[in-house]
Amino acid sequence: MVNEPVHGPGGPPPGPLPVPAEFRPAAEALFADRPDLAAEYAGLLATDGVVRGLIGPREAPRLWDRHLLNCAAVVELIPHGAAVVDVGSGAGLPGIVLAIARPDLTVTLVEPLARRVSFLTEAVTALGLDGSVTVVRARAEECQERPPADVVTARAVAPLDRLGRWCLPLAAVGGRLLALKGASAVNEVAEHREALTRLGGGDPIVRRCGVGLIDPPATVVEIVRERVVASGRSKAPRAGRSGSTSDSRRARRR
Ligand SMILES: C[S@@+](CC[C@H](N)C(=O)[O-])C[C@H]1O[C@@H](n2cnc3c(N)ncnc32)[C@H](O)[C@@H]1O
């Protein structure tokens with residue numbers, strides 16, 4: 001149920017993008033009682049998301065399998081009631097997907113680019129997710145004073161060493177970074193294992209999520225934040241503090 005129109009000038013009006021029949025069992029398993037809300041979000045991505053240049057036009061036909069279901073599969077790694085920070089949300093992947101699939105989560109979407117933040121803010125309202133999702137315009141490095149998260153997610157944002165530097169400080173000790181990676185996961189882990197340990201992370205584990213539901217399963221690198229590392233040992237955070245979208249003026253323009 002879309003509460004208000006969010007389409008840009010000249011763009012097609014949003015409406016649900018129904019899940020293709022072949023993906024219906026996975027959508028019903030992963031989105032529990034909210035596959036219709038997921039279809040509304042898919043519709044926003046396919047219309048506004050494309051018009052505003054947040055989603056490539058060639059991605060539109062594969063939104064369900066490549067994007068929504070792939071992101072939703074990660075819910076099996078997230079504990080009930082967790083506070084989740086999604087770094088570099090872009091158009092809401094995976095943060096909005098997680099919030100739809102799991103109403104028990106509180107989700108903060110961290111995104112520095114104004115145009116993406118506008119889309120995220122409008123989509124959150126249109127999908128009726130305001131109660132569980134907050135949009136923050138900032139870089140991850142500017143968020144280190146925010147309340148620690150149980151889970152930090154990131155998809156297609158940066159290599160693992162940089163993600164560790166940006167994201168591990170946002171997690172509580174004992175919390176975890178879930179980095180959604182593709183085929184590069186195993187090589188990235190081998191390359192960046194030592195850097196991640198220096199940043200306070202435990203041994204990275206490559207997980208396959210959605211086995212038996214999606215093909216291929218989603219590949220996720222899980223890194224527990226084991227300890228706090230003195231700030232001198234990782235790159236210093238950028239100046240400035242993050243805020244809600246209402247104080248986005250303080251965030252840097254890119
Ligand atoms: C390739 S896009 C991926 C977007 C989305 N996660 C997805 O999978 O479609 C990378 C995103 O990371 C954001 N980003 C880049 N540097 C960042 C930083 N330091 N902190 C937070 N987000 C950042 C960019 O603005 C962009 O939206």
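The values are calculated or read from the model by the stated rules, or taken from the named source; none is laboratory data. Everything numeric here is computed off the predicted structure, so don't read it as measured data. For neighbour counting, all protein chains shown are included, and Cβ atoms are generated from backbone atoms with ideal geometry for every residue, glycine included.
General remarks:
- Test for Val107: is it more than 10 Å from the ligand (Cβ to nearest atom), crowded, with 23+ Cβ neighbours inside 10 Å and not in a helix (DSSP H, G or I): yes
- Restricting Arg137, Arg102, Arg155 to residues that are of a type in the set (D, E, K, R) and within 9 Å of the ligand (Cβ to nearest atom) narrows the list to Arg155.
Yes/no matrix, rows are residues, columns are (1) closer than 25 Å to Ala179 by Cα; (2) of a type outside the set (A, V, I, L, M); (3) out of contact with any Pro (no Cβ under 8 Å at 6 or more places or on another chain); (4) modelled with pLDDT of 95 or more:
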| residue | (1), (2), (3), (4) |
| --- | --- |
| His7 | no, yes, no, no |
| Ala38 | yes, no, yes, yes |
| Tyr41 | yes, yes, yes, yes |
| Gly49 | yes, yes, yes, yes |
| Val74 | yes, no, no, yes |
| Asp104 | yes, yes, yes, yes |
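- Test: residue in segment 27-34 that is more than 30 Å from Gly174 (Cβ to Cβ) and at pLDDT below 95: yes
- Condition check for Gly164: surrounded by fewer than 22 Cβ atoms within 10 Å (Cβ to Cβ) and closer than 27 Å to Gly81 by Cβ: no
- Of all the residues in segment 181-209, those that are within 19 Å of Thr153 (Cβ to Cβ), surrounded by 14 or more Cβ atoms within 10 Å (Cβ to Cβ) and out of contact with any strand residue (DSSP E or B) (no Cβ under 8 Å at 6 or more places or on another chain) number 2.
- Failed item, numbered, when Glu59 is tested on (1) within 16 Å of the ligand (Cβ to nearest atom); (2) in contact (Cβ under 8 Å) with a residue 24 or more places away in the chain; (3) part of a helix (DSSP H, G or I); (4) of a type outside the set (A, V, I, L, M, F, W, C): (2)
- Sole residue being more than 12 Å from the ligand (Cβ to nearest atom), within 19 Å of Gly175 (Cα to Cα) and of a type in the set (D, E, K, R), chosen from Glu145, Glu122: Glu145
- Complete set of residues in segment 30-41 that are surrounded by fewer than 17 Cβ atoms within 10 Å (Cβ to Cβ) and touching a residue at least 60 places away in the same chain (Cβ under 8 Å): Ala32
- Any hit, segment 130-141, residues being of a type outside the set (D, E, K, R), in contact (Cβ under 8 Å) with a residue 12 or more places away in the chain, crowded, with 24+ Cβ neighbours inside 10 Å and in a loop (DSSP other than H, G, I, E, B): yes
- Yes/no for Val133 being over 27 Å from Leu196 (Cα atoms), modelled with pLDDT of 95 or more and either hydrophobic (A, V, I, L, M, F, W, C) or under 14 Å from the mean Cα position of the chain (by Cα) (or both): yes
- Test: residue in segment 147-156 that is surrounded by fewer than 24 Cβ atoms within 10 Å (Cβ to Cβ), farther than 30 Å from Leu17 by Cβ, in contact (Cβ under 8 Å) with a residue 24 or more places away in the chain and touching a Lys or Arg at 6+ places or on another chain (Cβ under 7 Å): no
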